[in-house]
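**Q** Below is a structure I'd like to ask you about.
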Amino acid sequence: MSSHPITEDDLHGFVDHLLDSARRSEVQTYLDAHPEIAARIATFSRQREALRAAAAPIADEPIPPQLNVRHLMDGRRRSQAWSWRPMAASVLLLVSASD
Amino acid sequence: MADIAHLIEPVIPALRRYARTFVRGAADADDLVQDTLERAISRWHQRRSDGDTRTWLFSILHNLAVNHLRRAARRGREVPLDDAGESDVGVPSTQEDALRRDDILGAVGQLPDDQRSVLLLVSIEDVSYAEAARILDIPIGTVMSRLARARERLLKLLEEQRKPASDRPHLRRVQ
């Protein structure tokens, strides 16, 4: 057991699976000795799982056409190409006027 | 140019999921994702070369979403929450595992915006605490305190939902 006391941040890190294995087992040992805190942390873990399950179907939906990156990039290229035309035309005018 | 699409495309499902759970309302959420993608394409050169594409995209989306919610709040229109748990009124479900999709997402919708963002990024999008701090542009200590408050608050909201309709306060939020 390391000398670092267990912090609230460690408990959330435990819930979110963000601790390294050494710290994770220290937190587990701590939770085994503190059933009330362990119960609260277990509730947070269930909450997390319920959230993930509820939101998961959204990421499985097919991407609609307006969010297709290739379409968006193509649309941008076209509008950029058009935006050059008036400028090119005015350059031509200037050149021909100075003749 | 092809690598832009290559780097952005894999993140789109997660961006949609974050937008939908953060602002609710599928149409508004997809509009925000579209704005995010257009901005990312036009400002691709501003992206830090050492930065992570996902973090960058999420920070663009989050800023757009916060502005969207602010504008909606200013207009004073009612933000449509899904009819969370409406069909369950009067049916107390005692089992925690029976949390239905709409119950929990409806309850998340009632969290303050700054708590909801941290909870969603960390719990659903598998964003590390340091990455969440970068996306939201806040210190990591603030990420941790908002996460802790969000979890406690969500617990209370879900307990409220499970109470019979007669002794629970109105859950519908009108802005």
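**Q** What's the angle, to the nearest 10 degrees (0 to 90), between helix A:69-98's Cα axis and the longest principal axis of chain A?
**A** 30
**Q** Another one. Averaged across B:103-112, how many Cβ atoms of other chains sit within 10 Å of each residue's Cβ atom? Before the final figure, lay out the partial values.
**A** Working: counts 2, 7, 5, 1, 3, 4, 0, 0, 0, 0.
Whole-number average of other-chain Cβ neighbours for B:103-112 is 2.
**Q** Where is the GNM fluctuation largest for chain A (alpha-carbon springs, 10 angstrom cutoff): A:V69, A:V15, A:V27?
**A** Per the Cα network of chain A with a 10 Å cutoff, A:V69 tops the list.
**Q** Roll a 1.4 angstrom probe over the protein heavy atoms and tell me the percent of accessible area of chain A that is carbon or sulfur.
**A** Carbon and sulfur together cover 61 percent of it.
**Q** Can I ask one more? Could you list the residues of segment B:2-18 with an amide nitrogen less than 11 Å from a label point located 7 Å from the Cα of A:A81 in the Cα-to-C-beta direction?
**A** Inside the label zone: nothing.
**Q** Any chance you could give the angle, 0 to 90 degrees and rounded to 10, that helix A:21-33 forms with the longest Cα principal axis of chain A?
**A** 40
**Q** May I pose another question? Relative to the longest principal axis of the C-alpha atoms of chain A, give the angle of the C-alpha long axis of helix A:35-60, reported between 0 and 90° and rounded to the nearest 10°.
**A** Once rounded, the angle reads 30 degrees.
The values are calculated or read from the model by the stated rules, or taken from the named source; none is laboratory data. Treat the numbers as computed from the prediction; the structure is a model and nothing was measured. Here the Cβ is made from the backbone with ideal geometry for all residues, glycine too, and neighbour counts use every protein chain on show. Remember, those area values only see protein heavy atoms, side chains included, never the ligands or the DNA or RNA. Shrake-Rupley method; radii C 1.70, N 1.55, O 1.52, S 1.80 Å.
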